[in-house]
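Reviewing the structure listed below.
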Amino acid sequence: MKKTLILFLIMTGAAQAANLINGAGATFPFPLYSKWFSEYQKIDANVQINYQSIGSGGGIRQFMEKTVDFGASDSPMSDEQLAKASVPIDHIPTVLGAVVLTYNVPGVEKGLKLSGDVIADIFLGKIAKWDDARIAKLNPGTKLTGDVLVVHRSDGSGTSGIFTDYLSKVSADWKSKVGTGTAVNWPVGLGGKGNEGVSGLVKQTPGSLGYVELIYAKNNNMAYATLKNKAGKFAEASTGSVTAAAAGALKNMPADFRVSITDAEGKDAYPISGFTYLLVWTRMPKEKGADIVKFLKWAVQDGQKFAEPLSYAPLPKALVTKVSAKINGIALE
Amino acid sequence: MGLAVLLLAIAFFLYRAAAPALHKLGWSFVYSSVWDPVQDIFGALPVVYGTVVSSFIAIIIATPLSIGVALFLTEIAPRRVGRVVGFLIEMLAAIPSVVYGLWGIFVLAPWLRTTVEPGLKTALGFLPFFQGPAYGVGMMAAGIILAIMITPTISSISREIFSAIPQPQREAALGLGATRWEMMRLAVLRSSKRGIAGAVILGLGRALGETMAVTMVIGNRHEISASFFAPSTTMASIIANEYSEATSDIHIAALVEVGLLLFAVTFIINSLARLFVSRSGNR
């Protein structure tokens, strides 16, 4: 009895000694983040990071209410949201994700080619048949038939955010009629809940076209379309072509990193991709702040090597330097 | 008493959280049917319609099925068979709803698309309910999934009610020369009308609020369509779908208002059903 009591005291003592950091937000980078947190504990055993993957919107809310020490979001916060913050907020890009178009067209196992304007018109309902002349022009020699069934995410998600951002850039019609958002008023199609809901519907329904995260498509061996990028070249989604898109956007990178990199420049760039961010206050209390800053630096530098094995695209090297400088600018008081 | 206070507290909390949407959107929230989070336009009519109709389909299917099952188990089946089958049916209530949803996507929806819906279209295609393209997922899939989910509730309560009927009542009916079916109708069903209605109301309550399984098979489309093949959406599923990623204040408030509306719809349907039961019971 005495022994257990002592053991218990030691254990609770140990738990108190560790510095606990709480975060909440995006679900998309969660597999990588949990890998990071466990790897980081090997480096600094005193720091323990808890992360709840409750979705970007919830992450932003909890971060703003200061129930967590850092937030995580797949899309940058809006100017309106930033204006409400008591202390300025830093966006720290951590890795990149991409959205791919997955399809189920009888007779086309793989290698379907699409371009931005065609995707936008399909999701607007203007192109409703697979044998449409514009699709045929992109896929010479392939016989496509039947009706197109559009499948989109029914739940609000960063994936939809990136996808609709891309469609708004390549189609003026989409921009004025639907717009960009984590949840939008879809003109046509069926809604599936989560990546698994969309892929389930696509697999089950011949003639369907939907979108999912690259990682999800890769892990489940799904066929996805090759897309025509801004340079007019067809780019297949891969961690390499996504990093290339980020590198293409580097020239015009704003100081706060709040940038959309869809439809990026560069002949190797995959057009539908985006950063995922950690959100931190630019002024933090000394002790906890120092731990957070140390972790952030590790994540954008050494931590990047864990990205690719998990199918996330690492940050381009030139960007890592810029982000590290930003992290150094966080004030500890 | 305490329960009433709790209900009022919930309603008040919902009302307060929904206030921004209530003020900005007014009554148009209830009768308009555009749901556009990008432009902050919110109309809840399609979700109310989807909730009510999918639950209604579920009740239409589940009520006769459940009463049949309960009658079979108490009146016809040998006691041992009744116990085993009853246990199996109650097991259906223990399956998590996400499992029903997955089964709906991978088994029910393809079967509806390839077999049931084309069949219904040829047989009953002149009715507006059975027209349009068959996707598999949609109002009908949701109704069927809900029916399966509420059958254990209705049937096990009905079974309890039937077994509470005194044996001499049955013997009297048989003694007067009734056949077995007549005995069930006169001695069992007639005297348990109110109890059955209560069981159905309980099942309806579950159907109205069910979220996960419905979201996975209903197609999530903000549209009112007469066809049961068409995709639709429900109040519970839109909250589950959009709440975690909603960032604008008015969007969050609109979702809470949907919750308030669900509260109201459930309350109204339950009250109507109770009223109906007490009326028919007095006769």
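The values are calculated or read from the model by the stated rules, or taken from the named source; none is laboratory data. All values reported here derive from a predicted model rather than from experimental measurement. All Cβ positions, glycine included, derive from the backbone under ideal geometry; neighbour counts span all protein chains shown.
List the helices (runs of 4 or more DSSP H) that sit entirely inside the stretch B:39-153 and contain at least 3 residues that are more than 14 Å from every other protein chain (Cβ to nearest Cβ). By residue number, B:45-71, B:79-92, B:117-124.
Exactly one condition in (1) at pLDDT 90 or above; (2) polar (S, T, N, Q); (3) over 30 Å from A:L149 (Cα atoms) is not met by B:S191; state its number. Of (1) at pLDDT 90 or above; (2) polar (S, T, N, Q); (3) over 30 Å from A:L149 (Cα atoms), only one is false for B:S191: (1). Among the residues of the stretch B:274-282, is any more than 14 Å from chain A (Cβ to nearest Cβ), touching a strand residue (DSSP E or B) at 6+ places or on another chain (Cβ under 9 Å) and either without any contact (Cβ under 8 Å) to a residue 24 or more places away in the chain or crowded, with 19+ Cβ neighbours inside 10 Å (or both)? Within the stretch B:274-282, none of the residues are more than 14 Å from chain A (Cβ to nearest Cβ), touching a strand residue (DSSP E or B) at 6+ places or on another chain (Cβ under 9 Å) and either without any contact (Cβ under 8 Å) to a residue 24 or more places away in the chain or crowded, with 19+ Cβ neighbours inside 10 Å (or both). Being modelled with pLDDT under 90, surrounded by fewer than 18 Cβ atoms within 10 Å (Cβ to Cβ) and among the hydrophobic types (A, V, I, L, M, F, W, C) is a property that holds for B:L127. Scanning the stretch A:239-290 for residues that are in contact with a helix residue (DSSP H, G or I) (Cβ under 6 Å, 6 or more places away or on another chain), closer than 16 Å to A:P76 by Cα and not aliphatic (A, V, I, L, M) turns up A:S260, A:T262, A:S273, A:G274.
Of the helices (runs of 4 or more DSSP H) lying entirely inside the stretch A:161-257, those containing at least 3 residues that are of a type in the set (A, V, I, L, M) and over 21 Å from A:V118 (Cβ atoms) are A:239-248. Can you name the residue in the stretch A:148-163 that is farther than 23 Å from A:W130 by Cβ and β-branched (V, I, T) and is also farthest from the other protein chains (Cβ to nearest Cβ) among such residues? Applying the filter and picking the extreme gives A:I162. Against the test of being under 25 Å from B:R206 (Cα atoms), within 22 Å of the chain's Cα centre (by Cα), surrounded by 13 or more Cβ atoms within 10 Å (Cβ to Cβ) and at pLDDT below 90, the options B:G86, B:G138 yield a single qualifying residue, B:G86. Could you please let me know if B:V217 is within 14 Å of chain A (Cβ to nearest Cβ) and aliphatic (A, V, I, L, M)? Here the answer is yes, as B:V217 does meet what is asked. Restricting the stretch A:179-219 to residues that are in contact with a Phe, Trp or Tyr (Cβ under 8 Å, 6 or more places away or on another chain) and at the interface with chain B (Cβ under 7 Å from one of its Cβ atoms), the residue that is surrounded by the fewest Cβ atoms within 10 Å (Cβ to Cβ) is A:N185. Number of residues in the stretch A:50-87 that are aromatic (F, W, Y), more than 13 Å from chain B (Cβ to nearest Cβ) and touching a residue at least 40 places away in the same chain (Cβ under 8 Å) equals 1.
Taking the criterion of being in contact (Cβ under 8 Å) with a residue 60 or more places away in the chain and of a type outside the set (K, R), the residues of the stretch B:162-182 that qualify are B:F162, B:S163. In the set (1) outside any strand (DSSP E or B); (2) of a type outside the set (G, A, S); (3) under 27 Å from A:A264 (Cα atoms); (4) more than 14 Å from every other protein chain (Cβ to nearest Cβ), A:D90 fails one condition alone, (1). For the stretch A:181-231, which residues satisfy the criterion of being within 14 Å of A:L101 (Cβ to Cβ) and of a type in the set (D, E)? Across the stretch A:181-231, the qualifying residue is only A:E213.
Scanning the stretch B:24-38 for residues that are within 14 Å of another protein chain (Cβ to nearest Cβ) and aromatic (F, W, Y) returns a single hit, B:W35.
Exactly one residue out of A:D256, A:D263 is under 19 Å from the mean Cα position of the chain (by Cα), surrounded by fewer than 16 Cβ atoms within 10 Å (Cβ to Cβ) and in contact (Cβ under 8 Å) with a residue 24 or more places away in the chain: that is A:D256.
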